[in-house]
Amino acid sequence: MSGLLTGQELAALRLLAGGLTHVQIAAELGVRPETAGRLLHRAQTVLRARTLPHAVALAYEAGVLGGTGS
């Protein structure tokens, strides 16, 4: 699954999982907030998640964000 996400999408998702806002994620990645939003939206789409928190949960379940997977 992580192979379907770009490095920036994965980084944005990790930062979101860490509790950062879109604006904070943008600052960390050196992109505009709109770009951070697009990265997160694409990650959500690739993971087929209903919401961003759901995307984070799915990524953890798959082991993409450091979870053990199943």
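Structural remarks
- Within the stretch 11-53, tally of residues that are within 16 Å of GLY63 (Cβ to Cβ) and either at pLDDT 95 or above or open to solvent by 30 Å² or more (accessible area, probe 1.4 Å) (or both): 6
- Test: residue in the stretch 26-48 that is part of a loop (DSSP other than H, G, I, E, B), under 14 Å from LEU4 (Cα atoms) and without any contact (Cβ under 8 Å) to a residue 12 or more places away in the chain: yes
- Test: residue in the stretch 8-25 that is touching a residue at least 24 places away in the same chain (Cβ under 8 Å) and polar (S, T, N, Q): yes
- Selected residue (criterion: modelled with the lowest pLDDT) from residues of the stretch 54-70 that are open to solvent by 60 Å² or more (accessible area, probe 1.4 Å) and in a loop (DSSP other than H, G, I, E, B): SER70
The values are calculated or read from the model by the stated rules, or taken from the named source; none is laboratory data. The shown structure was predicted, so the numbers you read here are calculated from the model rather than taken from an experiment. In this analysis, Cβ positions are derived from the backbone assuming ideal geometry, glycine residues included, and neighbour counts consider all displayed protein chains. Surface accessibility is based on the protein's heavy atoms, side chains included, excluding ligands, DNA and RNA. Shrake-Rupley method; radii C 1.70, N 1.55, O 1.52, S 1.80 Å.
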